[in-house]
1. Before we move on, is residue 49 free of Cβ contacts under 8 Å to residues at least 40 places away in the same chain, aliphatic (A, V, I, L, M) and open to solvent by 20 Å² or more (accessible area, probe 1.4 Å)?
2. When you check residue 101 against the structure, is it in contact with a helix residue (DSSP H, G or I) (Cβ under 7 Å, 6 or more places away or on another chain), among the aliphatic types (A, V, I, L, M) and either farther than 24 Å from residue 121 by Cα or at pLDDT 95 or above (or both), yes or no?
3. Restricting attention to segment 75-88, does a residue exist that is over 25 Å from residue 15 (Cβ atoms), part of a strand (DSSP E or B) and over 10 Å from the mean Cα position of the chain (by Cα)?
4. Could you go through segment 94-112 and let me know if any residue there is aliphatic (A, V, I, L, M), without any contact (Cβ under 8 Å) to a residue 24 or more places away in the chain, open to solvent by 50 Å² or more (accessible area, probe 1.4 Å) and in contact with a strand residue (DSSP E or B) (Cβ under 7 Å, 6 or more places away or on another chain).
Amino acid sequence: QVSLAESGGGYVQPGGSLKLSCAASGIISGSYTMTWFRQAPGKEREFVAARRHTGTTHYADSVKGRFSISRDTATNTIYLQMNSLKPDDTAVYYCAAGRPILSAIATGNMYYYWGQGTQVTVSS
């Protein structure tokens with residue numbers, strides 16, 4: 001059985017940092033494209049960052065230069081390091097696994113497995 005478990009969310013002031021984790025079980029995360037999405041209240045779900053099975057990484061323009069996605073092979077965990085956080089980053093963050101083609105990497109319905117989400121709140 002496949003499971004993706006996010007953790008690391010919380011409350012942080014603008015300019016602060018958080019590191020989210022997505023622990024995968026039942027799949028080898030390196031064999032999938034592992035992606036972070038987020039959804040803010042009243043808004044559509046949006047792509048944040050992805051790490052393809054090839055090792056290449058991709059970011060939404062809104063987080064480029066501030067967020068970094070990485071993988072720990074030993075623990076089969078995907079991380080999202082978030083720096084210089086802004087109030088607009090407030091959302092529930094979801095981890096997803098799939099095998100989309102590159103042009104569809106930001107398309108949520110191309111992913112097979114999803115975690116339950118972790119809340120990130122950026123506020124002063």
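The values are calculated or read from the model by the stated rules, or taken from the named source; none is laboratory data. If you're wondering where the values come from, they're calculated on a predicted model, not measured in any experiment. With ideal geometry, Cβ positions are generated from the backbone for all residues, glycine too; neighbour counts draw on all protein chains shown. These accessible areas exclude ligands, DNA and RNA; they are computed on the full protein's heavy atoms, side chains included. Shrake-Rupley method; radii C 1.70, N 1.55, O 1.52, S 1.80 Å.
1. Values: free of Cβ contacts under 8 Å to residues at least 40 places away in the same chain: yes; aliphatic (A, V, I, L, M): yes; open to solvent by 20 Å² or more (accessible area, probe 1.4 Å): no.
The answer is no for residue 49.
2. Working: in contact with a helix residue (DSSP H, G or I) (Cβ under 7 Å, 6 or more places away or on another chain): no; among the aliphatic types (A, V, I, L, M): yes; either farther than 24 Å from residue 121 by Cα or at pLDDT 95 or above (or both): yes.
Here the answer is no, as residue 101 does not meet what is asked.
3. First pass over segment 75-88, keeping only residues over 25 Å from residue 15 (Cβ atoms): 75-77.
Right, trim to part of a strand (DSSP E or B) and you get 77.
Next cut, over 10 Å from the mean Cα position of the chain (by Cα) only: 77.
Checking segment 75-88: at least one residue is over 25 Å from residue 15 (Cβ atoms), part of a strand (DSSP E or B) and over 10 Å from the mean Cα position of the chain (by Cα).
4. So the first thing to find is which residues in segment 94-112 are aliphatic (A, V, I, L, M), and the list is 96-97, 101-102, 104-106, 110.
Adding the requirement that they be without any contact (Cβ under 8 Å) to a residue 24 or more places away in the chain leaves 101, 104, 110.
Okay, now just the ones that are also open to solvent by 50 Å² or more (accessible area, probe 1.4 Å), so 101, 110.
With in contact with a strand residue (DSSP E or B) (Cβ under 7 Å, 6 or more places away or on another chain) added as a condition, the list becomes 110.
Checked segment 94-112: at least one residue is aliphatic (A, V, I, L, M), without any contact (Cβ under 8 Å) to a residue 24 or more places away in the chain, open to solvent by 50 Å² or more (accessible area, probe 1.4 Å) and in contact with a strand residue (DSSP E or B) (Cβ under 7 Å, 6 or more places away or on another chain).
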